[in-house]
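Data block below; observations after.
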2 protein chains.
Amino acid sequence: MSQKNCFIGQSGGPTVAINASLAGVVAQCKKEGYEHIYGMINGIKGLLEDHYIDLGELFKDEESIENLKATPAMYLGSCRFKLPTINLAEGTYEKLFKKFEDMHITDVFYIGGNDSMDTVAKLSTYAKTVNSSIRFIGIPKTIDNDLMGTDHTPGFGSAAKYVASSMLEIFYDSAIYKLNAVTIVEIMGRNAGWLTAASALARENGATVPDLIYLPEVPFDTEKFLEDIREKFKEKSSIIIAVSEGIKDANGQYLDQDSKYTKKDAFGHVLHSGTGKVLETIVYKEFRCKVRSIELNVLQRCAMHIASKNDIEESFEIGQFAVTSALNNETGIMIVSKRESDMPYKVHYETMDVLKVANLEHKIPVEWINDAHNDITPALHDYLYPLIQGEMAIKYTNGIPTYLDITHLKNNIVKE
Amino acid sequence: MSQKNCFIGQSGGPTVAINASLAGVVAQCKKEGYEHIYGMINGIKGLLEDHYIDLGELFKDEESIENLKATPAMYLGSCRFKLPTINLAEGTYEKLFKKFEDMHITDVFYIGGNDSMDTVAKLSTYAKTVNSSIRFIGIPKTIDNDLMGTDHTPGFGSAAKYVASSMLEIFYDSAIYKLNAVTIVEIMGRNAGWLTAASALARENGATVPDLIYLPEVPFDTEKFLEDIREKFKEKSSIIIAVSEGIKDANGQYLDQDSKYTKKDAFGHVLHSGTGKVLETIVYKEFRCKVRSIELNVLQRCAMHIASKNDIEESFEIGQFAVTSALNNETGIMIVSKRESDMPYKVHYETMDVLKVANLEHKIPVEWINDAHNDITPALHDYLYPLIQGEMAIKYTNGIPTYLDITHLKNNIVKE
């Protein structure tokens, strides 16, 4: 049997489950007898600069792999580099493939979101044109849960658990006063409201929170929003609202479009951070009551200490399944999960043509949003519920969580 | 032996340890054979409206007391009501004391911060003037750690643990890109920087975060701040800064004084929420790099799921000690903790005249801040370290933490 060598890369924004997928790939590669398991430092961009490490050397025992599994964000670092179109930058592809051939690479595993799947699609397309047998496998991750073709994405369940638990704790925090108050919790999700919808799971044990949920899949109407609050004030004094950062009006205009904080990322996506503040002002002007906006911010994607066990275990399994798929000679694919049943919760994994995934967005179906457009339906609840179940046994040292050291990385870079 | 009956109230802003102190009072009162253990609903303000419940009835077994101990915020609800000066509102005091006498109250325990200790001071002073034998005991709580006379305040250690752990997770989140970036984390603390200082505990296991710490105890100089960042950029690309919401310039002016989000609470204190955003703009203008500000917001005071065991256990013990002190016929006092040693960590409890506490603020001594005014000293580290140690075994149900139901409270109000 011929030698097997692979590259693994991580790309896009962080989640707490990406290292679990990395751990799954490493563990399975070791099991399958891979000679070299290389990790790109800062994704494909780092590889172009010869920055990579030997993961096989760094993860020799089961304990180190378990520690990797329980470390948030990206052990290998990330990049927001979009591989140029093939015919515009053939030199870049030639350089990459020469490196792959020189190092006898048989497989490339790339863990990321939508934009990373675009990279997998381009590399596997190029491989066909040059008759390369290297296999390119995409492993999904994103807290936004907005990838097509998969039941849900690794990293989403943990972010959802953080959102639901934080919403519950905000409910306790807000319940203490007997005065009219509105708390607006701004949750990540550019065009897909999955994470905002997950705030409804805070109700599981009886807490009546959130009172209202606004999702980017349906137009946001400010008058209707104020009317919703007015109605809620008839029943109670403290109102808590979950709102997606990406809500848009009927003209498709983001609420914080004109905010001075509006920024764009390397892909030209607007980075929202003002929706909660904009709503805070609107609510205060109307009701002159106590109003507070809370932006869950990056904590929702990096809070490993409250990760979902289901999410982390699946992310690991998906990493393992990626290796098995490569050895089945698949390429240009992404690993997807398919749900067999909600209760008991059961999923299995399949592969899917990455071209059917890249650059598409999976949003909440409108039938999973209530008619008043201010809450979710039971069907969406049943979909979300299993994804946040189970807790990781995070180790604490000196009073804080124990995560794998990532500061040593720069010293371990292998130079050719 | 004569009958013993008490009232317990909670007041001020929430922490995750206030219910542990309430649980301590209830547990000790039961042990000491109190006939009735009443809880004021929404503090002294609720009591004036005859809103109270019978805690002895609600907490009959050890399990229910354990559940109370592990529930964040205030089981009894809070108020931000400042008791008027005695000679201006004698009627209010007469009304309260008539109620106490009618109900054969022997002791009143009031759990709160600075303003609540003011209430204890006034009630015990009034008691003397009318020759009442009712004892008034203050039990401290505040995430700000700014009460005089005590080594530290219940609730602070848990908030500090949340801040340090979140800072660590933000470090992992920010470390993934190789580009110049500044992350500003805004932490609660109006005039005292204890909680911001606690962010330094994120370094315990090797993470190099935060890079810079700015505290309200020393003047904030924008030029020096930019120079500090410039220096850090020479060593690294991703800089994380911990900043107190209450930093002030050399003229004592808050940075967000003119922010449109500036609000005041019932006591006239400015509620800060713009410091991080103000700095974000300043840094962006100077460096034109990626800048993000993160406001930890109320999560730092309500995140029971990552509470410090030392904090919760001490808060419970302080509740118990309050009852013992009352039975020693003390009144007009607050329970304080005195540290015997840092390592091994050892504290004991004492009582202190509440007049020496009320309306004073305990700030970080300047000698515990480094000369450059951008970090803490080892002495402050050693003070903070023990306070975040230990983890609570929080129960999860349906994927979210299990806390005691507080929604039923309004139905349990005892009407006279």
Please go through the stretch A:78-99 and pick out each residue that is within 28 Å of the chain's Cα centre (by Cα), more than 14 Å from chain B (Cβ to nearest Cβ) and under 28 Å from A:Ile406 (Cα atoms). A:Lys82, A:Leu83, A:Leu96
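Table: residues versus (1) at pLDDT below 95; (2) within 14 Å of chain B (Cβ to nearest Cβ); (3) out of contact with any Lys or Arg (no Cβ under 6 Å at 6 or more places or on another chain).
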residue: A:Thr125; (1), (2), (3): no, no, yes
residue: A:Phe136; (1), (2), (3): no, no, yes
residue: A:Lys141; (1), (2), (3): no, yes, yes
residue: A:Asp151; (1), (2), (3): no, no, no
residue: A:Ser166; (1), (2), (3): no, yes, yes
Restricting the stretch B:81-113 to residues that are under 26 Å from B:His362 (Cα atoms) and of a type outside the set (A, V, I, L, M, F, W, C), the one surrounded by the fewest Cβ atoms within 10 Å (Cβ to Cβ) turns out to be B:Thr85
Qualifying residues in the stretch B:183-221 (those that are at pLDDT below 95 and away from every other protein chain (no Cβ under 13 Å)) - the one farthest from B:Lys277 (Cα to Cα): B:Asn191
Failed criterion for B:Glu367 (all others in (1) away from chain A (no Cβ under 14 Å); (2) touching a strand residue (DSSP E or B) at 6+ places or on another chain (Cβ under 8 Å); (3) closer than 30 Å to B:Ile229 by Cα hold): (2)
Determine whether the stretch A:117-135 contains at least one residue that is among the acidic types (Asp, Glu), in contact (Cβ under 8 Å) with a residue 12 or more places away in the chain and closer than 17 Å to A:Lys45 by Cα. yes
Contact list, first residue from the stretch A:51-77 and in contact (Cβ under 8 Å) with a residue 12 or more places away in the chain and within 12 Å of another protein chain (Cβ to nearest Cβ), second anywhere and among the β-branched types (Val, Ile, Thr) and surrounded by fewer than 18 Cβ atoms within 10 Å (Cβ to Cβ), beta-carbon distance below 6 Å, six or more apart or interchain, is A:His51/A:Ile413
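If we scan the stretch B:362-369, do we find a residue that is part of a loop (DSSP other than H, G, I, E, B), of a type in the set (D, E, K, R), farther than 21 Å from B:Pro154 by Cβ and more than 21 Å from the chain's Cα centre (by Cα)?
Within the stretch B:362-369, none of the residues are part of a loop (DSSP other than H, G, I, E, B), of a type in the set (D, E, K, R), farther than 21 Å from B:Pro154 by Cβ and more than 21 Å from the chain's Cα centre (by Cα).
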Which ones in the stretch B:114-167 are among the small types (Gly, Ala, Ser), in a loop (DSSP other than H, G, I, E, B) and surrounded by 24 or more Cβ atoms within 10 Å (Cβ to Cβ)? B:Gly155
For the condition in a loop (DSSP other than H, G, I, E, B) and either in contact (Cβ under 8 Å) with a residue 24 or more places away in the chain or of a type outside the set (Lys, Arg) (or both), what is the one hit in B:Ala207, B:Ala198? B:Ala207
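Of all residues in the stretch A:172-182, which are within 9 Å of chain B (Cβ to nearest Cβ) and not in a loop (DSSP other than H, G, I, E, B)?
Answer for the stretch A:172-182, where residues must be within 9 Å of chain B (Cβ to nearest Cβ) and not in a loop (DSSP other than H, G, I, E, B): A:Tyr172, A:Asp173, A:Ser174.
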Output for the stretch B:352-367, where each listed residue is free of Cβ contacts under 8 Å to residues at least 60 places away in the same chain and surrounded by 14 or more Cβ atoms within 10 Å (Cβ to Cβ): B:Asp353
Residues that are crowded, with 22+ Cβ neighbours inside 10 Å, more than 9 Å from chain B (Cβ to nearest Cβ) and at pLDDT below 95: which helices (runs of 4 or more DSSP H) entirely in the stretch A:271-335 hold 3 or more of them? A:275-287
In the stretch A:275-303, the residues that are within 17 Å of A:Ala198 (Cα to Cα) and out of contact with any Gly (no Cβ under 8 Å at 6 or more places or on another chain): A:Leu296, A:Asn297, A:Val298, A:Leu299, A:Gln300, A:Cys302, A:Ala303
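The values are calculated or read from the model by the stated rules, or taken from the named source; none is laboratory data. It should be emphasised that the depicted structure is a prediction, and the values quoted were computed from it without experimental measurement. Heads up, the Cβs are rebuilt from the backbone with ideal geometry, glycines too, and the neighbour counts pull from every protein chain shown.
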